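Accompanying notes for the structure given below.
The values are calculated or read from the model by the stated rules, or taken from the named source; none is laboratory data. Just so it is clear, the model here is predicted, and its values are computed rather than measured. Methodologically, a virtual Cβ is constructed for each residue, glycine included, from the backbone with ideal geometry; neighbour enumeration extends over all protein chains shown.
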Amino acid sequence: MIVTVLAVLTFKDVVQLTLEYAEDPKQSDMNIVFNESMTMPNITFCMSRSQAWSHFAININESTEEWDEIIQGFLENMTTHDEFLTKPWDYRMVMEGYDVVATLNSMERETTSQGAARSINVFSGQARLVNKRAMIKKWLKTLEDRGVTFEEFTQKVGSETIRRSMQRFQRTTFDEDLVIRTKFRTSWISTMQFCFQPWFDRDNFHPINDQGNFFTMVLSHNPEKLAGKSVDCMTVDFHGRPSSLSRFMEGKGRTRDGFNEEASF
């Protein structure tokens with residue numbers, strides 16, 4: 001009797017999942033044509049911050065003091081360079097670290113030189129931003145005390161942001177005996193976007209010799225966190241630009257070559 005009930009429930013769940021998938025497909029396939037000189041495209045994936053943070057189980061009843069105490073407790077157990085970069089982070093650390101990198105990047109790089117000067121001036125003087133300035137100073141002091149560079153910090157924040165949702169990120173071939181180690185590299189973090197790339201060392205860079213699938217990425221997002229929100233589709237850039245905004249900065253115009261903005265997951 002128990003087996004029968006479970007079978008019925010399972011069948012019902014499968015039907016429901018099938019209907020949901022039909023209404024909102026979660027897989028995107030795309031075809032690209034290579035020039036003979038291109039052995040392996042330099043790929044950049046970008047998603048919105050809402051998507052990147054959708055898997056964080058945030059406690060909305062937690063006070064600011066409790067939040068800060070929890071982060072401080074974790075940092076006290078990561079006093080060295082290697083501990084800071086190798087131990088898993090609590091989501092609170094990830095969100096604060098993300099905010100630090102995003103704020104500094106957005107002020108300095110997502111604008112013109114005049115705009116950057118204006119943004120920095122506003123950020124340094126606005127009373128309403130006093131808490132954010134204190135948070136950034138705290139994290140920069142944390143990096144200094146542990147001998148961690150800002151680039152290392154950025155890569156750690158990126159890997160911890162994606163760690164809970166990334167299921168597969170792999171360069172694939174038709175050679176069953178060839179195993180290619182695919183590294184994850186964060187190329188851009190801002191208040192608007194989170195962008196990343198597959199990264200290969202010299203021993204794991206192999207040209208694409210066959211037609212067909214050469215790379216697979218599987219991500220999971222929390223649909224409940226994204227329900228009712230206007231969330232842009234993920235984008236893919238086969239020219240390796242660090243973010244999808246970079247194409248607006250090339251030649252004072254909009255560059256679309258090698259860019260796809262229909263990767264809805």
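Structural remarks
- Assessment of segment 96-105 against the conditions (at pLDDT below 90, of a type in the set (S, T, N, Q) and touching a helix residue (DSSP H, G or I) at 6+ places or on another chain (Cβ under 6 Å)) yields no matching residue.
- Restricted to segment 158-234, the set of strands (runs of 3 or more DSSP E) holding at least 2 residues that are touching a Lys or Arg at 6+ places or on another chain (Cβ under 7 Å), in the same structural domain as Ser50 (by TED's automatic domain parsing) and surrounded by 15 or more Cβ atoms within 10 Å (Cβ to Cβ) comprises 193-199, 215-219.
- Residues of segment 43-86 that are part of a loop (DSSP other than H, G, I, E, B), surrounded by fewer than 12 Cβ atoms within 10 Å (Cβ to Cβ) and modelled with pLDDT of 95 or more: Asn77, Thr79.
- Of note, Lys138 satisfies the criterion of being closer than 20 Å to Trp89 by Cβ and out of contact with any strand residue (DSSP E or B) (no Cβ under 7 Å at 6 or more places or on another chain).
- Residue within segment 239-260 that is modelled with pLDDT of 85 or more and either surrounded by 11 or more Cβ atoms within 10 Å (Cβ to Cβ) or assigned by TED's automatic domain parsing to the domain that holds Thr39 (or both) present: no
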